[in-house]
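Working notes, structure below.
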Amino acid sequence: MAQPPRYQRTKDFGTDYPDQTDNQAINNELDSVARTTDGLRTNLAKIQRDDGGLRDGIVTKDALAQPLKQELYDEFSQNVTAAVETAQQAAGDANAAALAAAGSAASAATSAADAAGSLATIAGAVASTTASASAAATSATNAAASEVAAATSAGASATSAGNASTAASAAASSATAAAGSASSAASAAADANAAKAAAAGSATAAAGSASTASSAASAAAASATSAQESADRAEAAPALSPWTGRMIGEEFPLHPNAPLPPTDDPAFRYVILTAGLDSAGQYNEGVLTDETVTGSDPTITATAVVSLAGSPMDGQTIDLINTSRTFLRPGAPGPIVDSQNAAHFHTGTAASAGSHAHGTYLPSGAGSAYPGVADNAGNPLTKKSSNSSTSVATTSAGAHSHPLTIDNDGGAEAAPRHIPRPYLMRIL
């Protein structure tokens, strides 16, 4: 089968009205997808077995890169060369052993010839002894003829017997030498067999090296196939967006002039933690619901519920901290903690003016006494004529202090010096 057809969508369902469904177009799209996936399955079955391995004959030497083939050839050649050298050495050892065996056999043959010669000497001695005995009998019959001849014959007989004994000893020595030569020949034959076995072992090792090289070639082919598949996957994989680096549920600030994360990438989705951005065309459209804003500045509470299928945060209530303007602080999760100062108190005193008296002026006027006013003796003072006035002094109260009231200061909230930044959260 040729390469499967590429799936190409031909129907844009976004152009349909919400209450309309083009069933035939849906069938056509699904048929196109089926043709593509069926073709992929058919082609995959040609190269992959049911157990996941490659079918036989898929990876051939032509599929291997030239550098890899050269590397395998070099390694295989080195292994074969080493095996051949080992076999040649074993053959040389076997040849030397065979030559040694041949020499031993020649020595054995020589010893055997020597033994045969000794046996011939013994036979001659026996024949000589027989002749001497015959001569002795003749001499005994003719004893009367010559005692001297009998004595001479007896001497000859003794000499012949000595020669026979010497020949027998030589024959025994020759037999011993022959036995030693035969033993040497047997040892040489054993050495030859051992050399032959070593040569066979070298041949087996060479075959094993060839098998190892074949296995290495297969493994290299599998590695090359795996590398190619990884390269194909890497080439087909889309480039990662820098926005995939944030953790889901992480709240983080963003510079006001920085670009916002896109909202149409299926790999991620962010929201701005600000109330009022969930309407049509706005950043949080379609992913936040049940938005709630209560209170007034500086004690605003703003929340919303994540509504995005497939998101781990789906259905979770999140704080819109850009609207509530609350700080994040480490601690156990919980609701907003209202602003407050630690319990404390203030002290203050007024500086003492020391012991002193205050003067007062009493206006003139005829009539009764000044109510509540007396002189130093305690007598009530009375008003004088209209053309005179009276100056009096109050009695000293000694050193003393007066209450002090401290006025408040500050704004509607307590806050450190800061730079406002909008916060975002990743929800997919």
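The values are calculated or read from the model by the stated rules, or taken from the named source; none is laboratory data. From a predicted model like this one, the values you see are computed outputs, not experimental measurements. Here the Cβ positions follow ideal geometry from the backbone for every residue, glycine too, while neighbour counts run over all protein chains shown.
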Of the conditions (1) touching a residue at least 24 places away in the same chain (Cβ under 8 Å); (2) assigned to a helix (DSSP H, G or I), the single one that P4 does not satisfy is (2)
Residue hits (region 1-30; more than 24 Å from T42 (Cβ to Cβ), at pLDDT below 80, of a type outside the set (D, E) and surrounded by fewer than 10 Cβ atoms within 10 Å (Cβ to Cβ)) are G14, T15, Y17, P18, Q20
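What number of residues in region 248-296 are part of a loop (DSSP other than H, G, I, E, B) and more than 20 Å from F327 (Cβ to Cβ)?
Looking only at region 248-296, we keep the residues that are part of a loop (DSSP other than H, G, I, E, B), and these are 248-250, 254-269, 273-287, 295-296.
Now drop any that are not more than 20 Å from F327 (Cβ to Cβ), which leaves 248, 257-269, 276-287.
Final tally of qualifying residues: 26.
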| task | Kindly check whether there is at least one residue in region 57-80 that is outside the structural domain of S215 (by TED's automatic domain parsing) and at pLDDT 85 or above. | result | no
K384 fails exactly one of (1) of a type outside the set (A, V, I, L, M); (2) within 47 Å of the chain's Cα centre (by Cα); (3) at pLDDT below 75, namely (2)
